[in-house]
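In what follows, a structure is listed as structure tokens, so that the remarks can point back to it.
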Amino acid sequence: MTRTRKPGVSRRATLAMMGAGAVTFATPWVARAQAKTIKVGMPTILSGRVAQLGTSSRNAVVLEVEKVNAAGGLAGRQIEMVIRDSKGQPQEAARVARELVNTDGCEILIDAEASSGAFAVHEVARDLGVLCIHTNSETSSLTADPKQHIPNAFRTARQGVHDSIVGGSYAAAIAKAKGLKKWATCSPDYAYGRDTTGEYVTYLKRFAPDVEIISESWPKLFQPDYTEVVTKILQAKPQALYSCLWGGDLTSYIDQANIYALFSQMEVFAVNMADYTALTVVKNLPKGIHSGNRYIKTYPATTENAAWGDAYKAKYNEYPTNWSWENATAIMLLAEASKKANSADGKKIAEALRGLKIKSPFGADGTVTMRAEDQTLVGYAIGWGTTIPQEPYVPQVQAGDWKTIFELEAEWKKSKGYA
Amino acid sequence: MLPLDIDALTGCLASSACLVTQTTSGFIIGMLLFLVAVGLTLIFGVLKVVNFSHGAFYMFGAYFAMTAYQLTGSFALAMLCGAAGTAILGLVFERGFMSRVYGADVLMQLLVCYAFVLIFDDVVRMIWGPEFKSMGMPAAFQVAPLFIAGGVVPPYYLLLIGVALAAAAILGLGLARTRIGKVIRAAAHNPGMVSALGINTGLIYGGVFALGGMLAGLAGALAAPVRSLTPGMGFSVLIESFIVTVIGGMGSILGALIGALLIGMIRSFGSLGFPLFTEGLMYLFMVIVLVSRPTGLFGKEVA
């Protein structure tokens with residue numbers, strides 16, 4: 001070695017130590033300031049084709065968090081939302097979720113992803129043990145399948161099987177009254193489209209055994225043109241058509257089917273029609289399309305629901321979406337659970353959440369419940385009605401019966417080997 | 001459900017009603033595709049660049065038409081704005097950016113085009129917002145469909161097919177019979193010689209690019225009343241246009257027409273006979289053409 005080291009401490013090292021010391025002494029002050037707020041991480045879709053829904057999720061959360069913070073926050077700690085774009089990609093959703101907890105120090109996750117991303121975030125929650133509320137994934141197995149069950153994950157969204165039971169029984173009643181035996185289906189060709197259509201047809205046939213499916217079409221997701229699908233359905237001459245197309249795909253389909261006068265030749269059941277994103281965009285909305293409620297401020301027909309819809313519109317200059325009420329519900333439940341537990345600790349909130357029933361503008365009877373056994377939301381407003389081309393768009397909604405839903409859901413769980 | 005439904009297909013071929021409906025449906029899909037693909041093939045034929053951002057012109061055509069329709073309420077003006085707006089955009093894009101990468105290698109051209117795909121999508125998002133939009137069918141076309149030999153034909157689609165066929169005829173005759181057409185064909189063969197004869201090749205290149213953009217814009221404008229408008233809507237149309245040009249032959253206008261109509265018919269009759277394999281059928285056909293005639297069906301012809 002030609003280099004020699006001076007014994008003792010160099011000037012540079014001294015300076016470094018002084019710097020480190022300064023940081024160390026300053027840290028407790030920073031830590032104290034952080035303890036006052038609680039960071040809540042939220043991966044959602046803010047770019048790409050589904051950006052509108054992700055944005056409406058963020059809007060609803062911000063609206064509710066402002067109220068909670070004005071009322072004192074979670075057990076005295078102000079909520080600070082950290083919202084990140086996952087671009088709708090599952091691997092990105094998982095990465096963002098992990099980073100929110102590990103790097104940003106978020107203590108709770110609001111997972112506002114579509115189903116594909118939700119399952120990825122679910123695994124992150126399983127791994128990290130952080131309290132996680134899924135707000136948008138409606139895929140039934142996320143909470144119904146015991147293999148997916150973890151004590152720290154909850155869901156505040158609708159569930160596909162609930163929708164199918166209510167939709168199937170509503171359609172069967174009309175099928176019997178009007179003698180609609182020949183049915184066609186037209187749904188997007190991916191997991192959601194296939195599963196939802198399959199479950200819907202199962203319950204339709206269960207309530208109306210005469211029904212026969214004579215034609216199936218599976219257009220691609222985001223397909224620009226549906227002409228060949230429209231004409232194929234016209235050739236099959238069904239008496240009724242079911243579709244779970246949604247968003248821009250549904251509005252394209254309606255515009256293209258309209259000029260073939262399809263809607264005057266059959267009864268159409270489109271579960272995703274009664275959402276403001278679709279209702280306000282279609283220029284020539286046909287009268288009499290049957291649809292499930294997504295979010296509509298006139299159903300439940302209560303002043304609370306109308307006021308919530310109007311407050312959202314006043315703040316963001318557009319109506320809320322299905323994803324909006326689901327995300328708002330997550331914050332409402334969090335606030336109540338934290339009050340009940342008198343704590344902002346994830347584990348204590350999770351304990352309080354199980355079986356928690358709260359007042360809600362979106363409840364079928366003015367309340368919604370976080371069911372303890374599978375940690376998913378029940379009791380929310382669910383029903384079907386027919387459209388008119390102007391507000392209130394769906395004037396009469398026929399409510400689904402939660403007693404029937406619970407019975408058939410239990411049966412469905414058994415048939416799937418979930419219970 | 002079976003992947004094959006031959007009964008449905010033969011049943012349809014035997015009935016005039018079904019035949020008329022499905023054939024017009026194939027024409028509608030095909031003719032809109034033709035308008036996009038022909039611009040692509042024209043630009044390649046003359047400028048020797050593959051315009052990967054061509055889908056954006058289709059998108060802008062639709063948005064321009066929707067805005068013009070909302071402002072004026074005139075359908076004709078909406079179509080005009082869709083076509084003229086994208087022509088200007090094409091000219092600016094070619095003179096400002098594409099003309100700088102003519103000598104560069106394909107990768108460079110591809111990167112420039114891809115960058116503009118992203119930029120154009122974001123521009124649309126900034127101006128019109130990220131949510132999907134709908135232009136709505138003009139009142140004049142909100143009428144009951146026509147019944148021809150028992151088949152259903154919407155009047156709007158007759159207009160659409162008519163406009164696209166007229167565009168094809170004007171383009172074909174214009175290139176074959178007019179002086180400008182001759183100059184364009186000459187520039188495609190030997191731009192050096194054309195420029196030595198005192199003809200402004202830059203102007204011709206810009207003009208051809210504007211024409212290609214205008215045709216795609218016209219397709220977007222014609223599609224606007226029936227398809228939803230979103231940023232990124234040009235992408236799937238671009239993919240299908242590439243299939244069309246591969247089948248028809250890069251650089252051939254007749255090839256683009258035949259290729260587009262073939263794709264339209266495959267979609268419309270394939271959805272009856274091969275409901276689970278309609279997309280696959282399109283690609284399968286492309287592969288067969290590529291293997292048996294790598295230059296495409298009409299690849300030897302020069303635009």
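Take B:278-288, B:234-244 and order them by the average number of nearby Cβ atoms within 10 Å per residue, most first; the result is B:234-244, B:278-288. Here the mean projected area of the convex hull built on the C-alpha positions of region B:37-122 is 5.7 nm².
Quotient of the Cα radius of gyration of region A:45-85 and 2.2 N^0.38 Å, N being its number of residues: 1.36. Averaging over all projection directions, the Cα-based convex hull of region A:40-129 occupies 5.5 nm² in the image plane. The fraction of all Cα pairs in chain B landing in successive 10 Å bins from 0 to the largest distance is 6, 26, 34, 24, 9, 2, 0, given as whole percents.
From most to least packed by mean Cβ count within 10 Å, the peptides A:238-245, A:189-196 give A:238-245, A:189-196. Per residue, the average separation of C-alpha pairs within less than 8 Å and at least 6 apart gives chain A a relative contact order of 15 percent. Mean partner shielding of peptide A:37-48, defined as the number of other chain Cβ atoms within 10 Å of each residue Cβ, is 1. Pairs of Cα atoms nearer than 8 Å and 6+ residues apart set the relative contact order; for region B:17-130 it is 25 percent. The simple spin-label model puts a point 7 Å past each Cα toward its Cβ; for A:LYS181 and B:LEU77 those points are separated by 5.5 nm. Over region B:1-150, what portion of Cα pair distances is larger than 27 Å, expressed as a whole percent? Roughly 44 percent, once rounded to a whole number. Report the label-to-label distance for A:ALA191 and B:SER15 in nanometres (one decimal), using points 7 Å from each Cα along the Cα→Cβ vector. Between A:ALA191 and B:SER15, the simple spin-label model gives 3.8 nm. Using just its DSSP H runs of length 4 or more, each adding -39500 (n - 2.57), the protein assembly as shown gives a mean residue ellipticity at 222 nm of -19000 deg cm²/dmol after division by all residues. Would you work out which of B:ASN51, B:LEU222, B:ALA139 lies farthest towards the positive end of the dipole of chain B, given +1 charges on the beta-carbon of Lys and Arg and -1 on that of Asp and Glu, about the Cα centre? The residue sitting most towards the positive pole is B:ASN51.
Converting the Cα gyration tensor eigenvalues of region A:88-217 into ellipsoid dimensions via √(5λ) gives semi-axes, longest first, of 38, 14, 10 Å. Here the dipole of the protein assembly as shown is about 1740 debye; that uses its Cα centre as origin and unit charges on the Cβ of Lys and Arg (positive) and Asp and Glu (negative). Between B:TRP128 and A:ALA306, the simple spin-label model (points 7 angstrom out along Cα→Cβ) gives 3.6 nm.
Note on A:ASN102 and A:SER264: the extension gain reaches 52.7 nm, defined as 0.36 nm multiplied by sequence separation minus the Cα-Cα distance. The equivalent ellipsoid of region B:147-303 has semi-axes of 32, 20, 15 Å, largest first, where each one is the square root of 5 times an eigenvalue of the Cα gyration tensor.
Shielding by partners for peptide A:245-253, expressed as the average number of C-beta atoms from other protein chains within 10 Å of each residue's C-beta, is 4.
On the principal axes of its alpha-carbon atoms, the protein assembly as shown has extents of 95, 85, 50 Å, going from largest to smallest. Computed across region B:1-56, the Kirkwood radius stands at 14.1 Å (inverse of mean 1/r, all Cα pairs). Over chain A, the ratio between the Cα radius of gyration and 2.2 N^0.38 Å evaluates to 1.14.
Against the empirical 2.2 N^0.38 Å (N residues), region A:193-297 has a Cα radius of gyration ratio of 1.04.
Put simply, when A:41-50, B:87-96, B:120-129, B:58-67 are sorted by average Cβ atoms within 10 angstrom per residue, most first, you get B:58-67, A:41-50, B:87-96, B:120-129.
Along its first, second and third principal axes, ordered by size, region A:266-419 spans 51, 44, 21 Å in Cα coordinates.
Any read-out appearing in this document is the output of simple, stated calculations on the displayed coordinates, not a laboratory observation. In this text the structure is predicted, and so the values were computed from the model without any measurement. Glycine also receives a Cβ, built like all others from the backbone with ideal geometry; neighbour counts cover every protein chain displayed.
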